Amino acid sequence: MAAAHDATPIAAARPAAEGVDPKALHRRIMIGIVVLLALLPLGVYPIFLMKVLCFALFALAFNLLLGFGGLLSFGHAAYFGMAGYVSAYAAKAWGLTPELAIASGTLAATALGLAFGALAIRRQGIYFAMITLALAQMVYFFSLQARFTGGEDGIQGVPRGRLFGLIDLSDDRVLYAVVAVIFTAGMLLIYRVIHSPFGQVLKAIRENEPRAISLGYRVNRYKLAVFVLSATLAGVAGSTKAIVFQLASLTDVHWSMSGEVVLMTLVGGMGTVFGPIVGAFVMIAMESYLAPFGAWVTIIQGCVFVVCVLTFRDGIVGMLGRILRRPL
Amino acid sequence: MADAHRAAAPRDASAPLLAIEGLEGWYGESHVLHGVTFDVRPGEVVTLLGRNGAGKTTTLRAIIGILGKRRGSIVFDGVETIGMPSRLIARLGVGYVPEERGIFASLSVHENLMLPPRVKPGGMSVDDIYALFPNLRERSRSQGTKLSGGEQQMLSIGRILRTGAKLILLDEPTEGLAPVIVQQIGRTLQRLKAEGYTTVLVEQNFRFAQTVADRHFVVEQGRVVDMIPNHDLDANLGKLHAYLGV
Amino acid sequence: MTTIFGVSVQALSGQLLLGLINGSFYAMLSLGLAIIFGLLNVINFAHGALYMMGAFVAWILLNELGLGYWWALLIAPLAVGLFGALLERLLLARLYKLDHLYGLLLTFGLALIIQGLFRQHYGSSGLPYVIPPELSGGQRLPFMFLPNYRAWVVAASLVICLSTWLLIEKTKLGAYLRAATENPTLVGAFGVNVPLLITLTYAFGVGLAALAGVLAAPIYSVNPAMGADIIIVVFAVVVIGGMGSILGSILTGFGLGLVEGLTKVFYPEASSVVIFVIMAVVLLAKPSGLFGRSA
């Protein structure tokens with residue numbers, strides 16, 4: 001009944017079809033994504049696309065931790081939102097160029113991830129989720145009270161500035177190109193990590209932690225490393241978003257933002273390579289359409305959660321992968 | 001009390017109380033039982049003998065209905081139980097004494113004793129059980145798992161006797177216990193037999209089994225491969241040694 | 001005027017009382033969470049939303065049906081408990097064989113739905129609930145003014161917590177619950193209806209949350225966000241206390257409420273984060289929590 005021993009681990013590894021090298025397929029999909037990124041602005045608002053890309057990178061970072069590290073963080077908004085604040089502050093108050101502002105925000109997320117990760121990995125499973133959530137709530141209250149975050153107003157009117165002091169980013173299309181490059185770099189980095197020896201050890205830990213320990217791996221170091229990496233990449237996404245929208249606000253450090261990135265990953269497919277991108281696109285598109293309906297957005301998000309958990313745990317890409325018998 | 005048990009026994013005395021046929025069972029994905037067939041007559045004590053991993057414990061778990069997946073037929077007291085949840089099987093009058101004894105740490109000895117609900121009329125009274133196992137009365141307020149191994153085993157058996165179960169499934173009651181405790185458990189089983197209880201006993205120690213059982217079923221690789229009546233056991237020692245690999 | 005460390009005794013005792021009241025809610029909520037977690041292995045994220053629902057049921061009873069506070073104390077826990085039983089049977093029960101994190105995700109979704117529905121219908125500004133006439137007014141103590149209603153909340157929640165403890169530690173039903181928390185399969189093999197026990201346990205836990213919600217209604221305004229605000233703090237309380245012990249949950253809840261009150265007096269800026277800071281310290285010193293068993 002409630003006994004733990006027969007529980008299938010969350011985001012269990014997808015069965016790989018024998019004799020097929022998924023990497024060739026993945027390479028083709030990634031080339032497809034890059035081509036799509038180049039073509040989409042012809043028909044879709046760049047602002048909308050940039051929002052999707054920021055959240056897709058955020059979800060990819062989150063999925064690195066959940067789907068490949070087996071760790072459910074319920075407080076990823078802390079790294080996303082705090083990076084946004086630092087990036088916005090650096091650009092506005094210090095007058096840093098956008099790439100340096102983004103780097104500052106990212107660094108803040110890394111530091112926060114290191115501190116919180118070191119605490120959270122002391123417990124497992126459900127406690128891990130509660131701890132990350134509570135720590136993120138602490139960041140929220142801090143952001144509400146601290147002077148540099150602007151409290152309820154946030155940091156508004158952040159200048160987009162000139163990239164490397166040269167390229168003016170006030171044109172949406174130029175900025176879109178920058179965001180697309182950042183996103184692609186992030187995606188490639190995560191892909192490399194998943195398929196590196198480090199990624200293999202993570203997989204071993206996720207599937208059987210006691211065995212990984214008995215094989216001599218210092219499991220907590222691996223967990224902390226993937227946590228920090230995930231927080232860092234979430235920071236890249238949050239910093240970039242602050243520059244794009246010229247705004248850093250409490251919304252991005254709120255617990256509902258942590259929930260949203262979980263939902264994007266769940267909808268797209270936990271533990272898949274490309275699922276979070278699809279999930280982010282679907283959820284952002286849905287929210288844009290539903291924005292005029294106020295509280296209904298939350299209600300529908302809740303329903304999507306419930307339906308996904310009960311009947312659609314593979315997510316969109318996970319199910320596609322199952323149909324095609326290829327790990328996507 | 002013994003009368004009550006005889007009264008509750010099936011009308012046709014020759015019909016088995018428990019009849020198992022072609023029982024297959026799985027632990028998760030792994031297929032463990034491959035067609036177990038045997039039966040137990042009312043008032044009889046039978047043992048399941050066999051090597052570690054042969055499927056003895058799994059067979060008991062299948063009878064009480066706590067195995068993940070099972071197939072085949074298990075008829076208890078005329079009722080097919082293969083599709084039933086364990087709580088309904090218990091309610092038919094099957095009592096289970098698990099291998100690890102299953103004493104609850106968060107319950108006192110007395111609470112452990114009172115935990116299983118009465119499933120049939122005619123179970124022993126608490127006083128009877130305390131008379132049978134005086135140690136338990138002395139320690140009735142202690143935490144269940146503070147008892148010695150032997151006392152825990154007595155508690156595990158005692159709490160089933162309260163429920164009025166007619167069939168008792170005993171999984172390795174002597175494992176890891178001192179000889180004097182093993183003797184006490186043996187005397188208890190003989191007394192229960194005298195009072196009309198039916199018992200399926202899983203045992204590694206066939207010397208002990210010999211002192212209480214009527215028939216022995218040899219389990220090998222998820223099947224019952226042989227039956228040895230108790231009075232023929234000595235004549236079949238060679239064969240048995242081969243089965244058990246001792 | 002008497003002062004301690006430069007703080008007037010009145011201000012100090014006033015904040016301590018507020019802390020004790022918050023602690024009452026922390027204790028009742030973390031108690032329910034711990035009982036549910038023990039048997040279901042689910043961290044009930046919807047706990048805060050169901051607490052909020054309890055407060056709203058009280059408000060609706062009063063304003064739509066004319067049934068007052070004392071009726072609400074009885075009806076709200078039953079109504080929300082029944083709703084919880086349905087949630088458990090229809091939704092949660094499908095997840096017990098999966099990773100426990102799915103239960104967290106499901107109840108998170110439920111919390112969003114419940115909270116969203118109430119916000120959709122009642123707005124997010126908050127509705128007042130008047131203190132029942134029997135409990136209005138207060139006592140003038142030598143060092144402070146003690147409002148009757150606040151004294152009642154602390155006393156009532158103490159009684160509720162201790163009765164829950166007695167129910168679990170001293171009754172037959174409690175013995176079933178404790179045993180099934182340890183080994184549900186074996187308890188089922190004895191003929192106990194464990195699925196029913198699970199449903200009752202969930203209903204009881206969320207009923208406790210709803211009861212806390214009714215108690216809270218006259219103190220805070222009744223609003224859809226009240227549950228979300230408190231539940232994350234309660235999670236931290238649960239991490240600090242560890243979920244192994246019923247009395248531990250109660251003590252931790254009241255204790256942390258008091259600490260929060262003290263912080264409001266001496267360093268108000270930190271009062272909203274002090275519990276999280278304590279959680280971090282406890283994780284460093286004793287990761288299993290103050291009353292927790294290992295891992």
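Some observations on this one:
The rows are residues; the columns are (1) over 22 Å from A:Leu49 (Cα atoms); (2) under 13 Å from the mean Cα position of the chain (by Cα).
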position	(1), (2)
A:Gln246	no, no
A:Met257	no, yes
A:Glu260	no, yes
A:Val267	no, no
A:Val278	no, yes
A:Leu324	yes, no
A:Leu328	yes, no
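- The test for being more than 14 Å from chain C (Cβ to nearest Cβ), touching a residue at least 60 places away in the same chain (Cβ under 8 Å), within 19 Å of B:Leu170 (Cβ to Cβ) and of a type outside the set (D, E, K, R) does not hold for B:Met154.
- Unmet requirement for C:Tyr220, which otherwise passes all of (1) more than 7 Å from every other protein chain (Cβ to nearest Cβ); (2) over 19 Å from C:Gly48 (Cα atoms); (3) surrounded by fewer than 20 Cβ atoms within 10 Å (Cβ to Cβ): (2)
- Given (1) surrounded by fewer than 23 Cβ atoms within 10 Å (Cβ to Cβ); (2) out of contact with any Ser or Thr (no Cβ under 7 Å at 6 or more places or on another chain); (3) at pLDDT below 95, index of the condition C:Tyr102 fails: (1)
- Condition check for C:Glu269: at the interface with chain A (Cβ under 9 Å from one of its Cβ atoms) and in contact with a helix residue (DSSP H, G or I) (Cβ under 8 Å, 6 or more places away or on another chain): yes
- A search for C-beta distances below 9 Å between a residue of segment C:226-251 that is over 28 Å from C:Leu127 (Cα atoms) and any residue that is basic (Lys, Arg), counting only pairs 6+ apart in sequence or on different chains, returns C:Val239/A:Arg123; C:Gly242/C:Lys286; C:Gly242/C:Arg293; C:Gly244/C:Arg293; C:Ser245/C:Arg293.
- Total residues in segment B:222-245, condition surrounded by fewer than 18 Cβ atoms within 10 Å (Cβ to Cβ) and touching a Lys or Arg at 6+ places or on another chain (Cβ under 9 Å): 6
- Here C:Arg89 meets each of (1) at pLDDT 95 or above; (2) of a type in the set (D, E, K, R); (3) buried (at least 18 other Cβ atoms within 10 Å of the Cβ) with one exception, condition (3).
- All positions within segment C:63-116 that are assigned to a helix (DSSP H, G or I), among the small types (Gly, Ala, Ser) and more than 13 Å from chain A (Cβ to nearest Cβ): C:Ala72, C:Ala76, C:Ala79, C:Gly81, C:Gly84, C:Ala85
- Subset tally (residues that are without any contact (Cβ under 8 Å) to a residue 12 or more places away in the chain, in a loop (DSSP other than H, G, I, E, B) and surrounded by 15 or more Cβ atoms within 10 Å (Cβ to Cβ)) for segment A:151-186: 0
- Count of segment C:51-90 residues which are free of Cβ contacts under 8 Å to residues at least 12 places away in the same chain and within 21 Å of the chain's Cα centre (by Cα): 4
- Filter result for C:Phe45 (touching a residue at least 60 places away in the same chain (Cβ under 8 Å), surrounded by 21 or more Cβ atoms within 10 Å (Cβ to Cβ) and part of a loop (DSSP other than H, G, I, E, B)): yes
- Taking segment A:4-28 as the range and being surrounded by 13 or more Cβ atoms within 10 Å (Cβ to Cβ) and either modelled with pLDDT of 85 or more or touching a Pro at 6+ places or on another chain (Cβ under 7 Å) (or both) as the test, the residues that pass are A:Arg14, A:Ala16, A:Pro22, A:Leu25, A:His26.
- For C:Val265, the conditions (1) among the aliphatic types (A, V, I, L, M); (2) free of Cβ contacts under 8 Å to residues at least 60 places away in the same chain; (3) over 14 Å from C:Gly23 (Cα atoms) all hold with the exception of (2).
- If you go through segment C:125-148 and keep only what is of a type in the set (Phe, Trp, Tyr) and either assigned to a loop (DSSP other than H, G, I, E, B) or under 16 Å from C:Ala217 (Cα atoms) (or both), you end up with C:Tyr129, C:Phe143.
- Of all residues making up segment A:241-254, the number that are in a helix (DSSP H, G or I) and either surrounded by fewer than 24 Cβ atoms within 10 Å (Cβ to Cβ) or of a type outside the set (Lys, Arg) (or both): 8
- Flag for C:Thr201 being under 16 Å from C:Leu31 (Cβ atoms), at pLDDT 95 or above and buried (at least 19 other Cβ atoms within 10 Å of the Cβ): yes
- Elements of the type helices (runs of 4 or more DSSP H) sitting completely within segment A:255-328 and holding at least 2 residues that are more than 14 Å from chain C (Cβ to nearest Cβ) and surrounded by fewer than 24 Cβ atoms within 10 Å (Cβ to Cβ): these cover A:275-290, A:315-324.
- For A:Phe227, the criteria (1) among the aromatic types (Phe, Trp, Tyr); (2) surrounded by fewer than 21 Cβ atoms within 10 Å (Cβ to Cβ); (3) assigned to a helix (DSSP H, G or I) hold in every case but one, which is (2).
A quick yes/no check of all residues on (1) within 19 Å of C:Lys172 (Cβ to Cβ); (2) buried (at least 23 other Cβ atoms within 10 Å of the Cβ):
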residue	(1), (2)
B:Asp77	no, no
B:Pro134	no, no
B:Arg139	no, no
B:Gln143	yes, no
B:Ser148	no, no
B:Lys166	no, yes
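- The set of residues in segment C:172-212 being of a type outside the set (A, V, I, L, M, F, W, C) and either touching a residue at least 24 places away in the same chain (Cβ under 8 Å) or more than 10 Å from chain B (Cβ to nearest Cβ) (or both) consists of C:Thr181, C:Pro184, C:Pro195, C:Thr199, C:Thr201, C:Tyr202, C:Gly205, C:Gly207.
The values are calculated or read from the model by the stated rules, or taken from the named source; none is laboratory data. Note that the structure is predicted; figures quoted are calculated from it, not measured. FYI the Cβ positions are ideal-geometry reconstructions off the backbone, even for glycines, and counts take in every protein chain you see.
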